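Below you'll find the structure, written out as structure tokens, and then a few comments.
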Amino acid sequence: MTKETGINDDIGIAAGAFQDFTKHAIGAHNEFVKKYSEAYWHCRERIQIESTQLTEFFKEVSSTCSAPDQIGVLQGWIKGAKQRITEDVVYSIETAKALMNVGLQA
């Protein structure tokens, strides 16, 4: 084997390794973008839900005259808000884990 043949073999091995690395990096990037996009759309949806809930809350409070009824409306809204916040925290943790797993696989 000549020195030139050995160099060509080394270049071929390096090129193959680089192609494998590139394919893996592109796959990890695509998975990261997918997870990030899912989180983005989830947050947009949650913002829309929260703004709708808040609008409905203000309509109910303004249409109710008695203080006890207004307090009841507030308590109902707080209960729903606590549930939505809990769901958001769980979703955030799951999404963070998924994003970390994508990063660890890269």
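Seen from every direction in turn and averaged, the convex hull around the alpha carbons of the stretch 52-96 projects onto 3.2 nm².
Axis of helix 3-63 versus longest Cα principal axis of the chain: the two differ by about 0°, to the nearest ten degrees. With each label modelled as a point 7 angstrom along the Cα→C-beta vector, the VAL33-GLU60 pair spans 4.2 nm. Per the Debye calculation on the chain with a single equal scatterer at every Cα and no solvent contribution, log₁₀ I(q)/I(0) for q = 0.12, 0.15, 0.16 Å⁻¹ amounts to -0.65, -0.80, -0.84.
All of the numbers you see were taken from the coordinates with simple rules; none came from a lab. What you are looking at is a predicted structure, and each value in this text was computed from that prediction instead of being measured. So basically every Cβ, Gly included, is an ideal-geometry build from the backbone, and we count neighbours across all protein chains shown.
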